[in-house]
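Nothing in this text is a laboratory measurement; each read-out follows from the coordinates by a stated rule. Just so it is clear, the model here is predicted, and its values are computed rather than measured. Here the Cβ is made from the backbone with ideal geometry for all residues, glycine too, and neighbour counts use every protein chain on show.
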Amino acid sequence: MKIVVAILIFGIIVLIHEFGHFILAKLNGITVVDFSIGMGPRLCGFRAFGTQFSVRLLPIGGACMMLGEDLSLEETVEDSKSAGAPGHAERSEKVVIKTEPDEHSFFAKGVWQRIAVLFAGPGFNFILAFVLSLFVIGIAGFVPAKIVAVAPNGPAALAGLQKDDEILKINRTKVVLGREVDSYFEFNRLTEKPVTLVVKRNGEKLTTEVIPEKYNKYMLGFSYSGTDSQQAQILEVVADYPMAKAGLLAEDVIVAMNGTEIKNSGDLKAYFNQHPLTDAPIMLRFLRDGKEQETVITPKFVSSGYTLGLEYNLAREKTSALGTIRYSAREVYYWISETARSLGKLITGKLKSNEIGSVVAVVDAVGQTYEASIEYGVMDTVLNMLYITILLSANIGVMNLLPIPGLDGGKLLFCAIEVVRGKPVDREKEGIVTFVGMVLLMLLMVFLIFNDIRNIFFK
């Protein structure tokens, strides 16, 4: 089922992308010869509006082939026979037939019309992401960039920050969504340098400087129930970590930490906020099969770094109709900028090859999300699948705008050169460059698929 869902998501994204090209081509009087979803041999199809519509075997990619899109304004050189002088043999010669392109062909249109048609595919991907964001945020809400906890005597507390402050800026970067805070610190690791935060409190803007504090990170190696009112039941124990080594198991219930009573998950979370883990042993009491047991656990050192001493929101909150529109637009902007930043890391060599995924990795991620969501009900599953469609649609839109031959961005680059030069690039040369680009893209796709199969199935 998860593979079917993944194929359906890809199919919708590709369909919308190619439909963008199709509708702008038709509006500009360009004949669309073939409209295909998938690649390879045609499985089925029909003909309408002068276009062959097809579904092809391989459920990746698609095409919107327009009349004359890959042809030169000079048609193919033909061989012809011409009669020689009396008594001489016929001779063969090359004849170049120069003709004007069909008025409904792609290259017969002005450069700005062609730019509109080429940009329409990625543009429709962004529109799809926005429309789906309206649906998701309208039902489930958005994720505000709000401070939800401040460590006592930590850097944020000393700088005057409080719970429920809304973060507006980090240094000079504007943030609106909670995940934008997450993304900022992922791309800008904390050091000893001060961080300037602009927050909103009771309708007023406040600016403060937070000096990060160095810390050593210790872990017990477990997860517990996330609902504050529920018992602090252990959900998972990580192998080779203190909890596992001490014999703790999933479904054990924590009832006390160092003598502090733990009635529920909220109490356990509060305990960790007030008593950050160190290398000091912890006396832990827990219930197993209704019987209380006690053990001593020493946290494991994991890493060191810097902290601001605050936690920010990653949970959704309801908003108004206008808020839904605003935050939906911001959601699309976030995924576009996130894709662009990731590409920047790839170009600068900060992104490793095993961090780049092909369609195989995406299908695997969709499958895992689907299986994790289905146990929480149909609505949660639908919302999560829509959210994946949002980020994939925005991602594919950005990727197609890259100035790489074979992609929409490569064709847009030739159009940009034409605008600057005042005349088009030689069509034959453009065709050769595009063909080479397509070959290189196919080789890259094969490499990424091989890499993903190795990483996923042969770990």
Give the Kirkwood hydrodynamic radius (Å, one decimal) of region 171-279, defined as one over the mean of 1/r across all pairs of different Cα atoms.
-> 17.0 Å
Roughly how big is region 359-456's charge dipole about its Cα centre, with Cβ charges of +1 (Lys, Arg) and -1 (Asp, Glu), in debye to the nearest 20?
-> 540 debye
Pairs K26/K411; K193/K345; K109/K429; K193/K263; K169/K214: which exceed 29 Å Cα-Cα?
-> K193/K263
How large is ³J(HN,Hα) for each residue in region 42-59, as worked out from phi by the Karplus curve 6.51 cos²θ - 1.76 cosθ + 1.60 (θ = phi - 60°), to whole Hz, x for Gly and Pro?
-> 6, 8, 7, x, 7, 10, 7, 6, x, 10, 8, 9, 9, 10, 10, 4, 7, x
Counted neighbours (other Cβ, 10 Å), sorted fewest up, put L15, L43 in the order L43, L15
In percent, how large is the relative contact order of region 216-300, given Cα pairs closer than 8 Å and 6 or more residues apart?
-> 31 percent
Fraction of antiparallel bridges per DSSP, the chain only, in percent to nearest 5 | 95 percent
Under unit Cβ charges (Lys, Arg +1; Asp, Glu -1), what dipole magnitude, rounded to 20 debye, does the chain have relative to its Cα centre?
-> 720 debye
Under the definition of Cα pairs under 8 Å and six or more residues apart, what whole-number percent is the relative contact order of region 250-302?
-> 38 percent
Out of L132, P242, P276, whose Cα points farthest toward the positive end of the dipole of the chain (charges: +1 Lys, Arg; -1 Asp, Glu; placed on Cβ)?
-> P276
Fewest-first ordering of E236, E18, E311 by Cβ atoms within 10 Å yields E236, E311, E18
What list do you get for V363, V382 if you sort them by fewest beta carbons within 10 Å?
-> V382, V363
In Å, the Kirkwood hydrodynamic radius from C-alpha pairs for region 413-452 sits at 11.8 Å
Would you kindly give the portion of the calculated P(r) for region 216-300 that falls above 22 Å, as a percent of all Cα pairs?
-> 13 percent
What percent does the relative contact order of the chain come to when contacts are Cα pairs within less than 8 Å and at least six residues apart?
-> 16 percent
For helix 321-347, what angle does its Cα long axis make with the longest principal axis of the chain, in degrees from 0 to 90 and rounded to 10?
-> 80 degrees
Stokes-Einstein D for the chain at 4 °C, 1.567 mPa s, Kirkwood Rh over Cα pairs, in µm²/s?
-> 48 µm²/s
Quarter of the Cα convex hull surface for region 148-229, i.e. its orientation-mean projected area (nm²) | 7.1 nm²
